[in-house]
Amino acid sequence: MPIELRILGRHQADEHDVGFTYSGVTFNQHNLHTFAGVNAVDTKEFLAQTFACLQSHGQVCARMGAYKPRTSPYSFQGLGKECLPWAFELAGKYGIKVISMEVTREAHVDEINEALHLTGKPTGVMLQIGTRNTQNFELLKAVGRQHEHPILLKRGFGITLDESLMAAEYCASEGNSQIIFGLRGMKTNFGDPHRNLVDFGHVPVVHRLTRMPVCVDPSHSVGARGASPEGILDVFHVAAQGVIAGANMLLVDMHPVPKKSLVDAAQAISLEELPYFLEDMGIAREAYEKRVALHQRVVAERAAAPAAAAASAKAA
Ligand code: PEP
Ligand code: MN
């Protein structure tokens, strides 16, 4: 192992992965969960419509931002702690069990806990560390010290994979190893016209180097609603690329009126597109499972081949 991942590293190929169950949902390197939802909470109506849509399609996980780190100080910064009580209540009302929510400082974790306490814990929260904070070591240690919520650690968009994996190890070293590692594309013009250079080829690499489940965020990777000649959105294409390589979580921006989304409006899918997206990902997941079965068959055939050759040599 080139870097020292004492807790999260896969030191032997057959070492068990970091699986955990939180709020009734199990996360590991073998299954897949979709977290579609609003980039940033805006109105109660839009949030309720989003959760109702998720529920009607059997979804129990969602994404939802309240604290938004923005490039410009003049852009909408998220509704912050004020929206948490009603947003959590709405989540519970529509059967959402886990919400992925970005935190940018330790106080946000306290605010989330207060709101959950106040509302009687209607849902669970996965603490998301955004790409701009992947090396905010004090924040990493803070979310690692608490054992209440799991962590979604996004890869840093301008650092090496090893450096981002070390950031995950920072959280684990403080005691919380319930961590999902998120790929979200790298910041470089070489990815143009995509917002970021899609890095989902690293799904198997992270599976191999670590025991963490791996998330892919096609929305932040692609950043727009471009489509291929057959009409399939690039967001769908790259999401499928992540899933066919074994990704365990999808984080997808979705909004009842994408154009009205206050953050990253260009990349959101609509509620009408959710069932289509889920079915498409089901196809990709099935293809992944068939690929694993094919590999296992090939390995078994190769193992049996010398034995068969030896048997026929003996008979001759
Ligand atoms: C997000 O998921 O809302 C987000 C800001 O993502 P990233 O940190 O990857 O830019
Ligand atoms: Mn964003």
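The values are calculated or read from the model by the stated rules, or taken from the named source; none is laboratory data. What you see is a predicted model, and the numbers here were worked out from it, not measured in a lab. Don't worry about glycine lacking a Cβ; one is built from the backbone with ideal geometry, like all the others, and counts go over all protein chains shown. Keep in mind that these areas ignore ligands, DNA and RNA; they rest on the heavy atoms of the full protein, side chains included. Shrake-Rupley method; radii C 1.70, N 1.55, O 1.52, S 1.80 Å.
Observations on the structure shown:
- Residue that is within 15 Å of residue 213 (Cβ to Cβ) and of a type in the set (A, V, I, L, M), where the choices are 32, 54, 47: 32
- Strands (runs of 3 or more DSSP E) completely within the range 20-68 that count 1 or more residues being away from ligand 1 (no atom under 16 Å from the Cβ) and surrounded by fewer than 16 Cβ atoms within 10 Å (Cβ to Cβ): 20-22, 25-27
- Residue in the range 262-272 that is of a type outside the set (A, V, I, L, M) and within 16 Å of ligand 1 (Cβ to nearest atom) present: yes
- Lone qualifier among 71, 104, 119 - being among the polar types (S, T, N, Q), touching a helix residue (DSSP H, G or I) at 6+ places or on another chain (Cβ under 8 Å) and within 16 Å of ligand 2 (Cβ to nearest atom): 104
- Every residue from the range 247-271 that is away from ligand 2 (no atom under 16 Å from the Cβ) and either surrounded by 14 or more Cβ atoms within 10 Å (Cβ to Cβ) or under 19 Å from residue 200 (Cβ atoms) (or both): 247, 248, 249, 256, 270, 271
- Just one residue in the set 244, 269 is within 30 Å of residue 45 (Cα to Cα) and among the β-branched types (Val, Ile, Thr); that residue is 269.
- Boolean, residue 274 is farther than 28 Å from residue 208 by Cα, open to solvent by less than 10 Å² (accessible area, probe 1.4 Å), more than 16 Å from ligand 2 (Cβ to nearest atom) and touching a residue at least 24 places away in the same chain (Cβ under 8 Å): yes
- Within the range 70-91, none of the residues are in a strand (DSSP E or B), surrounded by 15 or more Cβ atoms within 10 Å (Cβ to Cβ) and under 20 Å from the mean Cα position of the chain (by Cα).
- Residues within the range 207-246 that are within 16 Å of ligand 2 (Cβ to nearest atom) and either open to solvent by 30 Å² or more (accessible area, probe 1.4 Å) or hydroxyl-bearing (Ser, Thr, Tyr) (or both), tallied: 4
- Comparison of 302, 291 shows that the only residue that is loosely packed, with under 12 Cβ neighbours inside 10 Å and away from ligand 2 (no atom under 16 Å from the Cβ) is 302.
- Verdict on residue 289 being closer than 22 Å to residue 195 by Cα and in a helix (DSSP H, G or I): no
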